[in-house]
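The values are calculated or read from the model by the stated rules, or taken from the named source; none is laboratory data. Just so it is clear, the model here is predicted, and its values are computed rather than measured. Heads up, the Cβs are rebuilt from the backbone with ideal geometry, glycines too, and the neighbour counts pull from every protein chain shown.
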Amino acid sequence: MEALLWTTAIVVAIALGMSYPGWRLRRALAQPFPPAWRDILERNIPIYQRMQPDLQAQLQRLVQQFLFQKKFVGCEGLEVDDEIRVTIAGQACLLLLNRFTRVYRKLHTILVYPSAFLVPRNHADDAGIVHPARQELLGESWVDGRVVLSWDHVQRGAGDWTDGQNVVLHEFAHQLDSESGSNNGAPFLGHPGSYRNWSEVLSRDFNNLRHEAMFHRQSVLDHYGAVSPAEFFAVATETFFEKPWQMAERHAELYEQFQQYYRVDPREWLAPPQPEPLFDEPEPPASYGTVYGQWR
Ligand SMILES: [Zn+2]
């Protein structure tokens, strides 16, 4: 009898232990969204105010879950406050709208530097000799569940929602990519039949971008996407959310693939761009001048 009581007590304790995290999350999500956080979304993410109320509510819930589950760490003396946390979470969660998915299940920590940060990178010269070097980065995404960001560039990326440059969207697209098990530009698409179309369209447009980059031709997608299929997916994600009209016009099939994957149409939140003057020399594509982190 005593043994049975002990067994029951252990089973109950295990069951409670397993359900406790879920209970804490449900309790956190039951709290009303703080008005101060809503003000930050309105102030720092220009498209938020143009979203339908149901989508705004979805984003708020995702932000609550993100902030409940992920840890933020300030680097080089940066003090992480709600402005930083909500601005980053709000943009990261745009990639999860309308989808049945967990909130970046592998991610646990976001490290935030005040500005671009230096990382050690070995450099091989023409003779194959490896030299220690340091490289300046704006963001980095690690498969072990960490994202590193420059707060300065997070603000710049959100401040101009028309240039196709957004370090948060970029690095969190890498996180989605890694959830499928390999970083190859093919995130988890759900239906097995979706991969064939995805592969066909993305391979073709990736090769076209490599060609455009090689000959320094202007393109809607930033030339950094020509580095690898993983970078192509991350760059195309930035373009999809920030330059949807241009992407839909110049890369119709690619836009369609991204629309199916992200389950939103960012054209609903942004006005079509003004046509460029006919006889002016086109401006070269804007660039930060430094690069995003590479995969490892
Ligand atoms: Zn990247």
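Looking at segment 138-153, which of its residues are more than 15 Å from the ligand (Cβ to nearest atom) and modelled with pLDDT of 95 or more?
151, 152 - these are the residues of segment 138-153 that are more than 15 Å from the ligand (Cβ to nearest atom) and modelled with pLDDT of 95 or more.
Please name all residue pairs, on different chains or six or more residues apart, with Cβ atoms under 9 Å, provided the first residue is in segment 132-146 and is within 21 Å of residue 180 (Cα to Cα) and the second residue is among the β-branched types (Val, Ile, Thr) and away from the ligand (no atom under 16 Å from the Cβ).
Here the result reads 145/109; 146/109, each pair linking segment 132-146 to a residue that is among the β-branched types (Val, Ile, Thr) and away from the ligand (no atom under 16 Å from the Cβ).
How many of the residues making up segment 102-114 are farther than 20 Å from residue 48 by Cβ, out of contact with any Asp or Glu (no Cβ under 8 Å at 6 or more places or on another chain) and in a loop (DSSP other than H, G, I, E, B)?
Here the count works out to 3.
Is it the case that residue 136 is part of a helix (DSSP H, G or I) and touching a Ser or Thr at 6+ places or on another chain (Cβ under 6 Å)?
no
If I ask for residues that are among the aliphatic types (A, V, I, L, M) and either surrounded by fewer than 20 Cβ atoms within 10 Å (Cβ to Cβ) or in contact with a strand residue (DSSP E or B) (Cβ under 9 Å, 6 or more places away or on another chain) (or both), which ones from segment 48-61 would you list?
Passing the criteria: 55, 57.
For segment 50-102, what are the residues that are under 19 Å from residue 173 (Cα atoms) and among the basic types (Lys, Arg)?
Hits for segment 50-102 are 70, 71, 85, 99, 102.
Kindly provide the set of residues from segment 28-85 that are small (Gly, Ala, Ser), closer than 21 Å to residue 106 by Cα and modelled with pLDDT under 95, ordered by number.
28
Scanning for something over 21 Å from residue 104 (Cβ atoms) and within 15 Å of the ligand (Cβ to nearest atom), does segment 163-170 turn up at least one residue?
Yes.
For segment 213-270, name all the residues that are acidic (Asp, Glu) and within 12 Å of the ligand (Cβ to nearest atom).
222, 231, 238
Considering only segment 166-211, state which residues are among the polar types (S, T, N, Q) and touching a Pro at 6+ places or on another chain (Cβ under 9 Å).
Of everything in segment 166-211, those that are among the polar types (S, T, N, Q) and touching a Pro at 6+ places or on another chain (Cβ under 9 Å) turn out to be 178, 180, 183, 184, 203.
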